[in-house]
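Since the structure comes first, as C-alpha cells, the remarks are kept for the end.
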Amino acid sequence: MIQLSEKSFKKVMIALSVYLVSLFAANTLGLKIMPFILGSHLSVAVFSFPIVFLMTDVIGEVYGKKIAKWFVLAGFVSTFLFIIYSLISLAMPWADAGLWVKGGYEQVFGISLRIAAASLVAFLVAEYQDVLSFFFFKNWFGTKHFWLRSNLSNLWSQFLDTTLFMVIAFAGVYPTATLVSIIISWWLFKVGMGVLYTPLSYLAIHLLRDREDTEKK
C-alpha cells in the first residue's frame, strides 16, 4: 500500500502534469520537422518526448514502480481520449465562419488510424518496458548511479518506441533502407537528449523527495 503525505501528493500531481504536457507536446508539436545533419531531418518532439521517459524513471526512483506504472496508464488513456476527441471533432460539420482554418486544422489533427495505432502501441510497450528496465537495473546496481540506470533503460525503451512507431506507421510507405535510417537517427538523437536532460532528473528527484513518506514501494 502506497501512502503519501498531502505534500507529496501535490508533488506527484505536478509531476503528472509535466509528464502529460510533454507527451501531448510530442504528439502535436512533433508534426514540425527541422533540418538536421547531413541533410537529414528530425521532429521537434525530440525536445519534449525524452522528458516522458525520464519522468517515469524519476517517479519510480522516488515513489516506486506502482506509481510509475500509473503514470504510463494515465498517458495511454489520455492519448487514446485525445485521438477519440480529434476524430469526433473532425467528423463535425464546419460553419462558414470557420472555413478559413479548415485546411490546416484537418491536416494537423487528421490522424490516420494507422498512425494513431502506431502511437498508442509504441507508447504503451516502450513506456512499460522503460519502467521494467529501470527497476531491473535498480535491483542490479542498487540505489546508486541513477544516471546510469535511467539512461540504460531509456536506451532500450527509446529504441522500442521509435522502431514500433515507424514500422507500424510507415512500413511499405518508405523503402526499408530509408525506414532503417530514420529509426536509427531518431533513436540516437532522442537518447542523446535524454542524456542532456539527466541533470534535470536529479533536480526533479530532489524536489519530489519528502521525508514524511516512509513507504514508497
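The values are calculated or read from the model by the stated rules, or taken from the named source; none is laboratory data. Note that the structure is a prediction, hence the values are computed from the model and not measured. Cβ atoms come from the backbone with ideal geometry, glycine included; neighbour counts cover every protein chain shown.
Annotations
- Any hit, segment 8-16, residues being part of a helix (DSSP H, G or I) and among the charged types (D, E, K, R): yes
- Qualifying residue in segment 68-78 (condition: part of a helix (DSSP H, G or I) and exposed (fewer than 12 other Cβ atoms within 10 Å of the Cβ)): yes
- Long-range neighbours under 9 Å by Cβ, at least six apart or interchain, first residue more than 21 Å from Ile51 (Cβ to Cβ) within segment 66-94, second modelled with pLDDT of 90 or more and outside any helix (DSSP H, G or I): none
- Test: residue in segment 24-47 that is part of a helix (DSSP H, G or I), buried (at least 17 other Cβ atoms within 10 Å of the Cβ) and modelled with pLDDT of 90 or more: no
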